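Contents: one structure, followed by commentary.
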Amino acid sequence: MENSAPLIREHFKKTGTATIATCLFKKGLKNQYIQHVVPLKKMTEPMVGQAYTLRYIPAREDLNTIDVFKDPKHLQRVAVETCPKDHVLVIDSRANARAASAGSILANRLMIRGVAGMVTDGGFRDAAEIADLDFPSFHQRPSAPTNLTLHQAIAVNEPIGCGDVAVFPGDYIVGDNDGVMVIPQYLAREVAKECLLMEAYEAFVLEKVTSGSPVIGLYPLTDSRLKAAFEQWLKQNPI
C-alpha cells in the first residue's frame with residue numbers, strides 16, 4: 001500500500017467528496033463524512049493525504065497553564081513537528097470550538113514541512129491568516145481562545161473521533177468545498193479507482209443531460225444503448 005500512496009493521492013485529486021461518499025455508501029460505509037467542518041477558504045483542488053492524528057481531552061486547569069508550552073514534549077507541538085509530508089493532521093477537539101485547536105504559526109509550520117492540510121472538529125484562531133496560506137484547512141468556525149483554555153493534548157497518531165467519524169492513522173483524508181471524507185486505508189486503492197470511473201460517468205451524464213437527454217435510464221445507467229454509448233465515450237475520453 002505504501003508504494004501506491006502517490007498514485008492513490010493522484011486519483012483522489014481528480015475526484016470529489018460527493019463521489020467518494022456514494023462509493024463508500026455502496027460498500028456499506030455510511031458514516032465517513034466529518035460533520036460540521038468547512039474549509040477556511042474556497043478550495044480550487046481537493047486536499048488529499050493520509051491521516052496523522054492529534055487527540056485532545058478536556059483541559060484541567062492545574063495541568064494546562066501557559067507554561068506547558070515550554071515543554072519540548074508538549075504533544076500539540078510534537079504533532080506539528082512529526083506529521084509526515086503529504087499527510088493531513090486531523091485533530092480530535094471533541095467537536096468543541098469554544099477554544100482554538102491551533103493557530104496560524106502552527107499552520108505555517110505544517111505548510112513549510114510539506115503537510116497536505118489540517119482538519120479539526122473544533123476551531124482555529126488566526127483564521128483569516130490561515131485562510132491566506134497556500135494550505136488547506138477545515139474547521140467549525142474561528143475561535144480566539146488558546147487551546148489550553150479547554151483542550152489538553154493527550155495522544156499523537158492514535159485512533160481518534162473527529163466530527164463523529166472514526167479516523168485511524170493512515171486513513172485517506174479528502175477535503176473539498178463540500179467537506180471532508182475519511183477513506184479506510186485498506187479500501188483506498190479500490191475506492192480511488194472506482195471514483196475515477198464514477199467521475200467519468202458523471203461527466204458523460206452531464207453532457208447528455210445538457211443536450212436534452214432525460215435522466216431515466218441514464219442516471220443510474222440501466223439503458224443498454226446508453227451503456228454502449230458510454231463505453232464509446234470512454235474510448236474518446238480515457239480516464
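Rolling a 1.4 Å probe over the protein chains gives Arg113 an accessible area of about 60 Å². Summing charges over neighbours of Met47, with a neighbour being any other residue whose Cβ is under 13 Å away from its Cβ, gives -1 when K and R count +1 and D and E count -1.
Straight-distance candidates among the lysines for linking to Lys227, with alpha-carbon spacing under 22 Å and chain neighbours fewer than 8 residues away dropped: Lys26, Lys193, Lys208, Lys235.
On the chain, 55 percent of the accessible area sits on carbon and sulfur atoms, based on a 1.4 Å probe.
Residue separation of Tyr186 and Asn108 scaled by 0.36 nm, minus their Cα-Cα distance, works out to 25.0 nm of gained length.
Sorted largest first by accessible area at a 1.4 angstrom probe radius, with every protein chain in place, the residues Leu221, Leu7, Leu89 fall in the order Leu7, Leu221, Leu89. Think of a 1.4 Å ball rolled over the protein heavy atoms: the chain then has 51 Å² of accessible area per residue.
The distance linking the stretch 1-42 with the stretch 92-143 is 20 Å (Cα centroid to Cα centroid, whole angstrom).
Multiplying the residue separation of Asp134 and Gln35 by 0.36 nm and removing their Cα-Cα distance gives an extension gain of 33.3 nm. Rounded to whole Å, the principal axis extents of the Cα atoms in the chain read 70, 35, 31, largest first.
In straight-distance terms, cross-link reach from Lys73 covers every one of the lysines whose alpha-carbon lies under 21 Å from its own, apart from those fewer than eight places away in the same chain; here that gives Lys85. Within the listed set Asp178, Asp121, Asp223, the residue fluctuating most in the Gaussian network model of the chain (springs between alpha-carbon atoms under 10 angstrom) is Asp223. Which residue fluctuates the most in the chain, going by a Gaussian network model with Cα springs under 10 Å, if the choices are Ser93, Ser104, Ser213? Result: Ser213 has the largest fluctuation of those listed.
The values are calculated or read from the model by the stated rules, or taken from the named source; none is laboratory data. Quick caveat, the model's predicted, so the values are computed rather than measured. Glycine gets a Cβ as well: all are built from the backbone with ideal geometry, and neighbour counts include every protein chain shown. With ligands, DNA and RNA removed, areas are computed over all heavy atoms of the protein, side chains included. Shrake-Rupley method; radii C 1.70, N 1.55, O 1.52, S 1.80 Å.
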